[in-house]
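Following: one structure in structure tokens, then a few remarks.
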Amino acid sequence: TEGERGECNLLAPLRTLTTSVCLPIDCPPSGERNEAIAASVDGRHPLSSLYCRKRRTSETEQAGLILPNGTPVDTSSLASSSSLLNRLQLDDDLDGETRDLFVTVEDPKKHVSTMETYITYRVCTKTTRTEFDLPEYSVRRRYQDFDWLRNKLEESQPTHLIPPLPEKFVMKGVVDRFSEEFVETRRKALDKFLKRVADHPVLSFNEHFNAFLSAKDLNKRQGLALLTKMGESVKYVTGGYKLRARPAEFAAMGDYLDLFTQKMGTIDRIAQRIIKEQSEFLMELREYGPVYSSWSSFEEDLHDPLEGVSGCMSNCSSALEELTEDMSEDFLPVLREYVLYIESMKNVLKKRDQVQAEYETKLEAVVFREDKKPPVPSDVEKCQDRVECFNADLKADWDRWENNKRQDFRQLLTGMADKNIQHYEKCLAAWESLVPLLQDKQEAEGETS
Amino acid sequence: RGKRRSTYDRNTEEQMLEPTICSLRGYCSGIEYCDSLDQNLQMVEKGTSLLKKMEISVAEAEKRTGKNAVNMQETYTVYLIETRPVDAASEGTNPVPDSLWRRYSEFELLRNYLLVTYPFLVVPPLPEKRAEFVWHKLSADNMDPDFVERRRVGLENFLLRVASHPDLSSDKIFYSFLTEENGWKETVFETGFQAKADSRLKALNATFRVKNPDKRFAEMKHYGDELQSVISQLLRVRARAADRLYGVYKVHGNYGRVFSEWSAIEKEMGDGLQSAGHHMDAYAASVDDILEEEEHYADQLKEYLFYADALRAVCRKHELTQYELEMAAQDLTSKKQQREELATGTIRTFSLKGVTSKLFGQETPEQREAKLKMLETQIEEGEELVKERNAECEEFVKSAWVDIERFKEQKDHDLREALISYAIMQISMCKKGIQVWNNAKECFSKM
């Protein structure tokens with residue numbers, strides 16, 4: 001809840017969930033069609049409550065909770081994501097004790113083959129999880145492999161928001177893909193990506209992630225073989241269903257993402273424009289040095305001061321060049337990452353809408369059937385579960401995303417400020433060292449004349 | 001008033017006078033002077049450069065409309081020249097200054113008069129007639145208030161430079177320019193300098209070659225050329241750089257707007273973004289002051305751009321003086337030769353007269369006598385002329401060289417000061433930049 005960030009109020013969501021799990025099994029009077037359907041989504045529908053016990057079994061067991069009425073529950077078919085766990089854990093509040101998986105990306109190296117040149121990174125893992133055969137791993141991966149992992153995660157965990165990767169393509173003329181700065185920027189982004197996956201209560205248990213961290217040779221064709229029942233059951237049928245009413249909270253997410261994308265686009269354009277203006281200013285600045293130098297060549301007393309100014313101008317030129325390069329290499333790519341990321345998030349929202357639409361349509365067909373027989377077809381039941389899981393997963397991931405976004409942008413903008421500060425500090429140092437040079441000469445002149 | 005600083009530095013005037021007195025004394029011994037120089041020496045010895053007696057300023061500028069020479073309506077600007085005796089101010093009584101209005105063309109008239117009357121001096125330049133080396137934000141329009149303001153400062157600077165010059169400051173026409181509103185123009189024309197100006201101009205525009213050019217003056221002229229060229233280049237680069245810098249700063253203002261819009265859709269990040277946006281706006285706005293300061297530096301450079309021209313003019317005028325001397329000497333030599341030929345009857349040089357006399361018969365002895373007499377007179381006159389011109393030339397060289405040395409020291413001092421204040425300005429700009437970005441960084445870190 002707002003205003004309570006920073007505190008990890010673990011019990012509040014728990015209470016909410018237990019309440020929603022144990023609804024009285026009364027049927028409210030049948031009302032409007034839409035109302036009924038809408039109500040079903042957040043668990044107040046009479047029919048849904050019949051099957052409330054079938055929800056959230058694995059997570060409640062994991063969390064060590066027992067339903068107030070004492071009934072143990074059967075594990076349902078869906079090994080869905082542990083939204084409960086999601087609510088209990090926030091990425092950054094995990095302390096060392098609860099974390100059992102540590103991942104780093106380090107040591108970039110260039111590989112040259114006849115076909116291509118590329119960079120690999122060392123991915124180191126330390127873990128106590130039983131899902132892993134060994135407690136430590138060290139493998140080499142290239143960008144392609146990270147990209148493969150992200151695609152797999154998107155496929156196999158469609159109800160979750162998968163963290164972003166640094167941009168795949170870079171303009172060959174503009175940025176040097178093998179420069180130290182570019183590689184370091186990329187390494188940091190890849191490191192952030194893996195850490196976010198490792199800290200995610202659901203994604204970190206994904207077997208593709210496991211393979212990525214541990215397999216000697218990442219045979220990407222393995223992906224198909226690794227598909228379990230879970231993977232199959234999670235393959236939602238999408239398309240064709242019409243959504244009646246998007247819950248306000250998800251509508252708000254969609255609206256926010258649209259506006260946010262707009263702002264990112266504007267900032268990208270502004271940053272590019274600044275870089276362009278600075279580059280053109282740099283061109284002029286570079287001309288100063290030689291002019292002052294040539295002036296000094298036909299002056300006597302003024303020779304040294306003019307040479308000094310010429311040198312200063314050169315220093316300022318270098319400082320500005322560094323600033324524009326840094327902004328191109330560090331700032332713009334991160335903005336673009338987010339724009340791509342938001343595209344994938346919007347797709348997740350669309351899928352959610354589709355899942356809900358499917359459920360609503362099927363439910364509608366059943367609810368308003370003539371015979372009104374209690375046994376509700378199991379596939380409608382499954383749809384309901386899907387909707388609820390999806391919503392819960394998405395809400396939790398959204399919170400996580402908001403937090404990460406705040407961190408990312410705080411870092412990005414602070415970095416931008418830092419670069420500008422460093423630029424001015426370099427110029428300041430150059431000019432400050434010149435002034436005593438100019439003034440000393442004057443004093444010396446005064447003595448001799 | 002007080003918005004822009006004059007490039008003239010009062011302190012330099014004190015420094016400049018001392019060495020000038022010494023060097024003048026040095027050149028004084030055993031050499032003839034022209035009247036004005038003698039007067040100036042006396043005044044300088046008394047230590048009474050005009051600026052020591054009188055406070056001068058160009059306080060204001062105003063628009064006027066009136067009828068011009070061809071009876072057409074015109075709009076022009078006039079400048080208020082204020083003068084006040086130095087003593088009065090120090091006594092603490094603070095009387096109202098004397099003042100009069102002058103327009104730019106009158107300043108031009110004054111300067112032209114000084115150029116003709118003191119051809120051996122490096123006469124301080126006027127601020128530019130038309131705005132040059134402009135960048136897009138700066139107007140090229142003479143009526144633009146910023147241009148008028150910069151011109152006002154430039155004109156004040158001009159008056160201060162003249163008033164502190166050891167020789168120019170005691171000129172009567174200059175004094176009446178400052179003190180007599182009416183009839184000054186007539187007084188100037190009465191000096192007859194225009195006629196001298198016209199003939200000099202004609203001579204200068206004609207191409208002539210000196211047989212034995214003075215090395216020092218040739219070097220000075222070359223220096224003037226190089227200085228003019230390099231300062232022009234510098235001013236051109238500066239104008240382009242100013243344009244670009246303006247763009248860089250102003251685009252950051254867009255961050256201000258987008259951060260504000262973005263903060264509206266954020267919860268926790270909103271405040272930090274919003275305040276950072278304000279700092280971006282402040283950053284964008286700060287460029288106006290920066291470029292105004294830089295304009296001052298450009299004005300200082302421009303003064304020396306035009307000074308370079310004045311220096312070259314002195315060298316050119318020296319060349320003319322020397323050329324005239326050479327011409328007079330050449331003429332004298334040829335006349336002497338003619339006399340010799342006539343006296344001895346030998347024709348050494350080709351002349352049409354010689355040929356015709358051969359063809360149509362010799363002259364009568366009477367005719368020859370008359371010719372000889374005429375030649376003798378001409379030779380006498382010629383020798384006088386050569387003596388005169390020789391003296392002129394020597395005077396010119398002496399006085400010019402004194403002033404050139406004075407100018408060199410002034411230039412070295414002024415330009416060094418200009419570079420120092422430019423560096424200080426850059427330092428201030430960097431510090432402001434660091435402050436703004438630190439403020440923004442603080443806001444970002446609170447996001």
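Could you say whether any residue in the range A:233-248 is away from chain B (no Cβ under 14 Å), assigned to a helix (DSSP H, G or I) and modelled with pLDDT of 90 or more?
Looking for residues that are away from chain B (no Cβ under 14 Å), assigned to a helix (DSSP H, G or I) and modelled with pLDDT of 90 or more, one finds at least one in the range A:233-248, hence yes.
Please pick out the residue among B:Lys196, B:Lys221 that is part of a helix (DSSP H, G or I) and at pLDDT below 85.
B:Lys196
Residues in the range A:260-275: is at least one small (Gly, Ala, Ser), over 24 Å from A:Val435 (Cα atoms) and in the same structural domain as A:Glu360 (by the TED database)?
Restricting attention to the range A:260-275, the residues satisfying the condition of being small (Gly, Ala, Ser) are A:265, A:271.
Filter once more, so that each one left must be over 24 Å from A:Val435 (Cα atoms): A:265, A:271.
If we keep only those that are in the same structural domain as A:Glu360 (by the TED database) as well, we get A:265, A:271.
For the range A:260-275, residues small (Gly, Ala, Ser), over 24 Å from A:Val435 (Cα atoms) and in the same structural domain as A:Glu360 (by the TED database): present.
Just to be sure before I move on: is A:Leu428 within 14 Å of chain B (Cβ to nearest Cβ) and touching a Cys at 6+ places or on another chain (Cβ under 8 Å) in the structure I sent?
Judged against the criteria, A:Leu428 is a match.
Out of all the residues in the range B:274-288, is one or more open to solvent by 10 Å² or more (accessible area, probe 1.4 Å), more than 46 Å from the chain's Cα centre (by Cα) and at the interface with chain A (Cβ under 7 Å from one of its Cβ atoms)?
no
Is one or more of the residues making up the range B:223-233 under 19 Å from B:Trp135 (Cβ atoms) and within 9 Å of another protein chain (Cβ to nearest Cβ)?
Let us first name the residues in the range B:223-233 that are under 19 Å from B:Trp135 (Cβ atoms), namely B:231-233.
From the residues that got through so far, the ones that are within 9 Å of another protein chain (Cβ to nearest Cβ) too are B:231, B:233.
Looking for residues that are under 19 Å from B:Trp135 (Cβ atoms) and within 9 Å of another protein chain (Cβ to nearest Cβ), one finds at least one in the range B:223-233, hence yes.
Is it the case, given these coordinates, that B:Val188 is assigned by TED's automatic domain parsing to the domain that holds B:Val116, touching a helix residue (DSSP H, G or I) at 6+ places or on another chain (Cβ under 9 Å), assigned to a helix (DSSP H, G or I) and surrounded by 16 or more Cβ atoms within 10 Å (Cβ to Cβ)? Steps first, answer last, please.
Working: assigned by TED's automatic domain parsing to the domain that holds B:Val116: yes; touching a helix residue (DSSP H, G or I) at 6+ places or on another chain (Cβ under 9 Å): yes; assigned to a helix (DSSP H, G or I): yes; surrounded by 16 or more Cβ atoms within 10 Å (Cβ to Cβ): yes.
For B:Val188, the condition - assigned by TED's automatic domain parsing to the domain that holds B:Val116, touching a helix residue (DSSP H, G or I) at 6+ places or on another chain (Cβ under 9 Å), assigned to a helix (DSSP H, G or I) and surrounded by 16 or more Cβ atoms within 10 Å (Cβ to Cβ) - is met.
Going through the range B:393-429 one residue at a time, which ones are among the small types (Gly, Ala, Ser), within 13 Å of chain A (Cβ to nearest Cβ) and within 18 Å of the chain's Cα centre (by Cα)?
The answer is B:Ala418, and nothing else.
Among the candidates B:Glu219, B:Glu268, which residue alone is among the acidic types (Asp, Glu), farther than 21 Å from B:Gly433 by Cβ, surrounded by fewer than 18 Cβ atoms within 10 Å (Cβ to Cβ) and at the interface with another protein chain (Cβ under 8 Å from one of its Cβ atoms)? Full working, then the answer.
Numbers: B:Glu219 fails: at the interface with another protein chain (Cβ under 8 Å from one of its Cβ atoms).
From the options B:Glu219, B:Glu268, the qualifying one is B:Glu268.
Looking only at the range B:182-196, decide whether some residue is under 20 Å from the mean Cα position of the chain (by Cα), among the hydroxyl-bearing types (Ser, Thr, Tyr) and farther than 30 Å from A:Ala271 by Cβ.
So far as the range B:182-196 goes, no, none of its residues is under 20 Å from the mean Cα position of the chain (by Cα), among the hydroxyl-bearing types (Ser, Thr, Tyr) and farther than 30 Å from A:Ala271 by Cβ.
Within the range A:272-281, does at least one residue satisfy the condition of being open to solvent by 20 Å² or more (accessible area, probe 1.4 Å), at the interface with chain B (Cβ under 9 Å from one of its Cβ atoms), over 30 Å from B:Ala239 (Cβ atoms) and not acidic (Asp, Glu)?
no
Just need a number here: residues in the range A:396-414 that are over 15 Å from the mean Cα position of the chain (by Cα) and not polar (S, T, N, Q).
In the first step, residues of the range A:396-414 are kept if they are over 15 Å from the mean Cα position of the chain (by Cα); the result is A:413-414.
With the extra rule that they be not polar (S, T, N, Q), the set shrinks to A:413.
Counting residues in the range A:396-414 that are over 15 Å from the mean Cα position of the chain (by Cα) and not polar (S, T, N, Q) gives 1.
Among what's in the range B:392-423 and is among the small types (Gly, Ala, Ser) and either in the same structural domain as B:Tyr118 (by TED's automatic domain parsing) or over 26 Å from A:Pro305 (Cα atoms) (or both), pick the residue that is least open to solvent (accessible area, probe 1.4 Å).
B:Ala400
Suppose we keep only residues that are among the hydrophobic types (A, V, I, L, M, F, W, C) and open to solvent by less than 30 Å² (accessible area, probe 1.4 Å) within the range B:81-107. Which one would you say is modelled with the highest pLDDT?
Residue satisfying both the conditions and the ranking: B:Phe107.
In the set A:Arg410, A:Arg406, which member is modelled with pLDDT of 90 or more, open to solvent by 10 Å² or more (accessible area, probe 1.4 Å) and out of contact with any helix residue (DSSP H, G or I) (no Cβ under 9 Å at 6 or more places or on another chain)? Quick ask: steps written out before the conclusion?
Working: A:Arg410 fails: out of contact with any helix residue (DSSP H, G or I) (no Cβ under 9 Å at 6 or more places or on another chain).
Being modelled with pLDDT of 90 or more, open to solvent by 10 Å² or more (accessible area, probe 1.4 Å) and out of contact with any helix residue (DSSP H, G or I) (no Cβ under 9 Å at 6 or more places or on another chain) holds for just one of A:Arg410, A:Arg406, which is A:Arg406.
Residues to consider are B:Leu115, B:Leu110; find the one that is hydrophobic (A, V, I, L, M, F, W, C), open to solvent by 20 Å² or more (accessible area, probe 1.4 Å) and either assigned by TED's automatic domain parsing to the domain that holds B:Ile231 or part of a helix (DSSP H, G or I) (or both). Reasoning before the result, please.
Details: B:Leu110 fails: open to solvent by 20 Å² or more (accessible area, probe 1.4 Å).
The conditions single out B:Leu115.
Which is open to solvent by 10 Å² or more (accessible area, probe 1.4 Å) and more than 10 Å from chain B (Cβ to nearest Cβ), of A:Glu299, A:Glu284, A:Glu325?
None of the other options fit; the residue is A:Glu325.
Within the range A:245-269, how many residues are over 23 Å from the mean Cα position of the chain (by Cα) and open to solvent by less than 10 Å² (accessible area, probe 1.4 Å)?
Looking only at that region, the number is 0.
With respect to the numbered conditions (1) without any contact (Cβ under 8 Å) to a residue 24 or more places away in the chain; (2) surrounded by 15 or more Cβ atoms within 10 Å (Cβ to Cβ), which one is the sole condition not fulfilled by A:Leu161?
(1)
Taking B:His252 as meeting all but one of (1) away from chain A (no Cβ under 14 Å); (2) farther than 30 Å from B:Leu301 by Cα; (3) assigned to a helix (DSSP H, G or I), write down the number of the exception.
Unmet for B:His252, out of (1) away from chain A (no Cβ under 14 Å); (2) farther than 30 Å from B:Leu301 by Cα; (3) assigned to a helix (DSSP H, G or I): (1).
How many residues does the range A:123-154 contain that are among the acidic types (Asp, Glu), open to solvent by 40 Å² or more (accessible area, probe 1.4 Å) and either in contact with a His (Cβ under 9 Å, 6 or more places away or on another chain) or without any contact (Cβ under 8 Å) to a residue 40 or more places away in the chain (or both)?
Of the range A:123-154, the ones among the acidic types (Asp, Glu) are A:131, A:133, A:136, A:145, A:147, A:154.
Keeping just the survivors that are open to solvent by 40 Å² or more (accessible area, probe 1.4 Å) gives A:131, A:133, A:136, A:154.
When the remaining residues are screened for being either in contact with a His (Cβ under 9 Å, 6 or more places away or on another chain) or without any contact (Cβ under 8 Å) to a residue 40 or more places away in the chain (or both), the result is A:136, A:154.
Total meeting the criteria: 2.
The values are calculated or read from the model by the stated rules, or taken from the named source; none is laboratory data. All of these numbers come straight from a predicted model, not from anything done at the bench. For neighbour counting, all protein chains shown are included, and Cβ atoms are generated from backbone atoms with ideal geometry for every residue, glycine included. In case anyone asks, the SASA skips ligands and DNA or RNA and just uses the protein heavy atoms, side chains included. Shrake-Rupley method; radii C 1.70, N 1.55, O 1.52, S 1.80 Å.
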